[in-house]
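Comments concern the structure below.
All of the numbers you see were taken from the coordinates with simple rules; none came from a lab. Owing to the predicted nature of the structure, the values given are computational and were not obtained by experimental measurement. When we count neighbours, we look across all protein chains shown, and the Cβ atoms used for this are built from the backbone with ideal geometry, even at glycine.
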Amino acid sequence: MSESQPPPRPPPPPPEDPDLGQPHADAPQSLQVEGILDGRVLDEATLRQAVNELGLCGAGSFRVDISGGRFTVLPVDTQVSAAAFDAAAQTNFLDRLQAVADAAQPSSIETNLRCKLIYADDVAETLFIVRGHNIEPVTRRRPKAAQDVPLLPGAGVKAPGGLSRRELLWLAPVLLIAGLIFAWQSGWMQRVMAARAEAVTTDSGPFGDMLTVELKRSWGNYYATLTRGDGYPDTPDALVARRDASEDLTTRAACELVGNGGELFVQLRQEDGKLLFETRSELRLLLTDTDGSVEVKLPGHMSADHLTLALSSGK
């Protein structure tokens, strides 16, 4: 796949509300960074350098994991000292975060990266969003509440409600259980405990040897890569011959869909055939590129047994 440089980044407009682009002059009392940023690699060396520089901005270090042409950036520690994260450091953080995005292929960035800055009187909660190829901060500023406890020792703020250390130790398991219940109900546990890709069989369905399917798992998601198979009709004559030799309407329709570069459904199912997830994708890229591939992303699931290609939705 050919790689192109991302479009030049226009200068951001001046922020209307205080955020990481216009922070307090002093450093916050506490800093928390969570979430991930992922995308497809454009230049690995530039990407690794950008992530290294991001970790020098005062918000803690970050790591980058690269697999199958995709990368994931995440904080090494979510709770770090905020002493060095002053106004200049926050501005530098935004610039370095954009440099990470610039090292990715255009339109491939996804992120739920967020940070929480606790000051003496108020709290700034920022979510980083993607607009085009730019990373932009969206900040909600609110008064400081009792639950906004500095995350590191020595911050000089008491625990919420004046709880003692012993009471906090009793409370921690309760919060952990509640968090696990929430994670299970929201589907996060299913993704974390998703079946290994090697244990999930793949079936090209009515497409037979015209298409091949390779499945990988990364960070709770499955990535199915579709490529030309040995039986892919690469000429009009081969397409007509295969279509006319079809023994049933389903096989004939699959052959015509391949020849038109049309849309199919990639479905993740349980052992009993029950549909877990499905997504729609098209094969147009395979028409013009003999070595081309189509990548499809599906959420992981601990009950996943097989992945199949289908002409119609299973819903």
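Between Ala146 and Thr201, the modelled label-to-label distance comes to 5.8 nm, taking each label 7 Å out from Cα in the direction of the beta carbon. Each of Arg63 and Asp77 was given a label point 7 Å from its Cα along the Cα-to-Cβ line. The distance between the two points is 1.4 nm.
Counting 0.36 nm for each residue step from Ala245 to Leu56 and taking away their Cα separation leaves a gain of 61.8 nm.
Taking Lys and Arg as +1 and Asp and Glu as -1, the other residues whose beta-carbon sits under 12 Å from that of Thr202 total -2. Other residues with beta-carbon under 10 Å from the beta-carbon of Tyr119 carry, at +1 per Lys or Arg and -1 per Asp or Glu, a net charge of -2.
Cross-link reach is defined here as a Cα-Cα straight distance under 19 Å, omitting same-chain residues fewer than 8 places apart; for Lys315 the lysines meeting it are Lys274, Lys297. A simple rule links phi to the HN-Hα coupling: the Karplus curve 6.51 cos²θ - 1.76 cosθ + 1.60 with θ = phi - 60°, which for the range 78-90 gives 7, 10, 9, 5, 9, 4, 9, 9, 8, 4, 5, 5, 5 Hz, with x for Gly and Pro. Dividing the Cα radius of gyration of the range 190-312 by its Kirkwood radius returns 1.00 for Rg/Rh. Straight-line cross-link partners of Lys216 among the aspartates and glutamates, defined as a Cα under 12 Å from its Cα and at least 8 positions apart when in the same chain: Glu198, Glu295. Seen from Gly262, the other residues with C-beta closer than 13 Å to its C-beta sum to a net charge of -1, counting Lys and Arg as +1 and Asp and Glu as -1. Between Leu275 and Met302, what is the label-to-label distance in nm when each label sits 7 Å out along the Cα-to-Cβ direction? Distance between the two pseudo-spin positions: 2.5 nm. The distance linking the range 23-96 with the range 255-271 is 39 Å (Cα centroid to Cα centroid, whole angstrom). Can you list the aspartates and glutamates whose alpha carbon sits under 13 Å from that of Lys116, skipping same-chain ones fewer than 8 residues off? Here the aspartates and glutamates satisfying the reach criterion relative to Lys116 are Asp19, Glu34, Glu125, Asp148.
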